[in-house]
């Protein structure tokens, strides 16, 4: 079957994501408001509404809503009429799961800010400065609560049972695989020089599973379409986009975003976390350079000059160029994969969105 | 309707719980073994199988399996044929949720042992002694993983969709309410002298919801019976039993278990946690005694003599007797509630089990 190829531009993809975000934002806000009112929590408690409020603040501070957009756009893929409300429920679930993951991630990374506001852990630390163990405990529970809300928004919906169950399974599977991804993300730090393949696996599990494949599966289900027969192609696509996204984040973090003035941050270097640029630099460095790098990486008190020296080593070996090449390859891989979806008879416009949303990612960092 | 009253003895109840545990143990073990084999986790990772193994160790170390027994026994209540395998799935789910809760609870409480083995946090601390932040992070993720496994064992089962969805909702609701219970459990520590009603609410949410009402709802669903119309009576029962269980645990912890030789522990007193006995003692104490108590409670370096002094104050005001009376009242309340289940036409033998399993609890500490 030869389908017409409509290729939206990177700008068109970004505009469409923004337009989904415009309708999704109020929906999320309504859900969070009724949640606070309807939730069966102890009337005597101040801590529970406070936790719900911190979860809400973080959920609402989210920016692009790319995951929600992927749900809505995937619901257009099969060209069938979507089950009323199903894509909305899927989008809520995936954004709540994202919120839950961020809450625990910021605790594990000891990060006090997120999305331009205090992280949940940062808020609790500020609320109970003399009680760090309680701040940690409340952050654990707030994240636990959010993770169950993510599944519950589907399971407790009034969608048909078959559909609600299938969508709940997607969220639970995405969560399980992402938790594994977070574990191997920590495992990476115990590896002197992880393989590139290891970093790719981290990206696949930690980002690709819940950010890419799960939203697409939710959207397909919302449109009454079983994603199971398409698992392999969806996974090849999500893996490529997940890796691309992680390289892009690491690139911007280490080399700086050309669209944003100001110094790049150097959190990964000071934490000794072997991100893509640091791994590539270490792999390419001379013995002498390696020795230099090892004296800097993982030192929280490393000076800016120390970090600049590491960055210079990376530039010397063309690591910036290497990463841009990798991103281009992953974008091409994802685009090629999405191109095969035309053969399934899927909507060319929606397929074009998925093909080009990877390019949008690659262009940001190049 | 006047149903024959068959009243099993406390010993018979205990025997029945043991007999359920004998068949449930191998089932749980099989599930955990196939989980490790079938789970989609990164082949390159050592951390993920290690986490699954720690989750398994803790799940298998569980003793009485009272929650699993409640599922199986509740499936007998309506006198209908249970859906094949449904009670097993419900029992697995509730024991996995319990495991997940314990993993995070021990992190929040900084406890290194649980169920006679190392807690998950204790294991990670032992595995990475130089990296406390990583030990914390891995414990957070292992608990997250277990909590999603609890819901997934139902959602991904081959039970009919309606039933699987209804049972998944029970687990998710139980989790959400228990997380709230754990939050107010911490909130209690920020209250100079919490009301007795506040402690009862903590017990209801923190224990009653997932330990009592959820297993009964799962069992009823497994038997094809909708628990929704019975929510109020089930909640009155679960609340009474949840409070009874918490008073009993606090009593044994503070006054010692007459059936066990050796000193009672004094963790709550040294942590400044106002358990039932400490709250009652503080509420009854003279101003001078209160002052004494306040100098001891919350001091991790309090001596045994200090704690004995607090215990003496409690004895002086008959707090042990007060708590035994409370336990008796809660047991009677639960028994009275269960007695009304005969009017629903529920199986007298199964009803008797629920009526007397509360007595079994009360007798242990008296």
- Note on the structure: Only unsatisfied item for residue A:89, checking (1) within 14 Å of another protein chain (Cβ to nearest Cβ); (2) within 24 Å of residue A:106 (Cα to Cα); (3) at pLDDT 95 or above, is (2)
- Message: Taking the conditions exactly as written (touching a helix residue (DSSP H, G or I) at 6+ places or on another chain (Cβ under 8 Å) and in contact (Cβ under 8 Å) with a residue 24 or more places away in the chain), does residue B:100 satisfy them or not?
- Response: yes
- Among the residues of the stretch B:112-128, the number that are within 17 Å of residue B:59 (Cβ to Cβ), surrounded by 15 or more Cβ atoms within 10 Å (Cβ to Cβ) and more than 12 Å from chain A (Cβ to nearest Cβ) is 7
- Task: Go through the stretch A:85-113 and give me each residue that's outside any helix (DSSP H, G or I) and under 12 Å from residue A:154 (Cβ atoms).
- Result: A:85
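For every residue, the table says whether it meets (1) within 20 Å of residue B:72 (Cβ to Cβ); (2) surrounded by 23 or more Cβ atoms within 10 Å (Cβ to Cβ); (3) more than 9 Å from chain A (Cβ to nearest Cβ).
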site: B:136; (1), (2), (3): no, no, no
site: B:141; (1), (2), (3): no, yes, no
site: B:148; (1), (2), (3): no, yes, no
site: B:153; (1), (2), (3): yes, yes, yes
site: B:179; (1), (2), (3): no, yes, no
site: B:186; (1), (2), (3): no, no, no
site: B:215; (1), (2), (3): yes, yes, yes
- Task: Starting from the stretch A:32-49, keep only residues that are more than 8 Å from chain B (Cβ to nearest Cβ), then list their pairs with residues that are surrounded by 16 or more Cβ atoms within 10 Å (Cβ to Cβ) whose Cβ atoms are within a distance under 6 Å, requiring at least 6 positions of separation or different chains.
- Result: A:32/A:56; A:36/A:52
- Task: Check off (1) assigned to a loop (DSSP other than H, G, I, E, B); (2) closer than 11 Å to residue B:165 by Cα for residue A:191 and give me the number that stays unchecked.
- Result: (2)
- Message: residue A:230 - would you say it is part of a helix (DSSP H, G or I) and more than 14 Å from chain B (Cβ to nearest Cβ)?
- Response: yes
- Residues of the stretch B:12-42 being modelled with pLDDT under 85 and either assigned to a helix (DSSP H, G or I) or under 23 Å from the mean Cα position of the chain (by Cα) (or both), in sequence order, are B:36, B:37, B:38
- Of B:82, B:91, B:10, B:61, which residue is touching a residue at least 40 places away in the same chain (Cβ under 8 Å) and surrounded by 22 or more Cβ atoms within 10 Å (Cβ to Cβ)? B:91
- Can you name every residue in the stretch B:194-227 that is over 22 Å from residue B:88 (Cα atoms) and not in a helix (DSSP H, G or I)? B:194, B:195
- Counted residues in the stretch A:128-163 being in a helix (DSSP H, G or I) and without any contact (Cβ under 8 Å) to a residue 60 or more places away in the chain come to 18
- Message: Checking residue A:198 against (1) buried (at least 23 other Cβ atoms within 10 Å of the Cβ); (2) free of Cβ contacts under 8 Å to residues at least 24 places away in the same chain: exactly one of these is not met. Which one?
- Response: (1)
- Message: Taking the conditions exactly as written (part of a helix (DSSP H, G or I), in contact (Cβ under 8 Å) with a residue 60 or more places away in the chain and either more than 7 Å from chain A (Cβ to nearest Cβ) or crowded, with 24+ Cβ neighbours inside 10 Å (or both)), does residue B:174 satisfy them or not?
- Response: yes
- Message: So if I check each of B:168, B:201, which one is closer than 22 Å to residue A:150 by Cα and at pLDDT 95 or above?
- Response: B:168
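The values are calculated or read from the model by the stated rules, or taken from the named source; none is laboratory data. Since the structure is predicted, the reported quantities are computational estimates derived from the model, not experimental observations. Here Cβ is always computed from backbone atoms with ideal geometry, including for glycine, and neighbour counts include all displayed protein chains.
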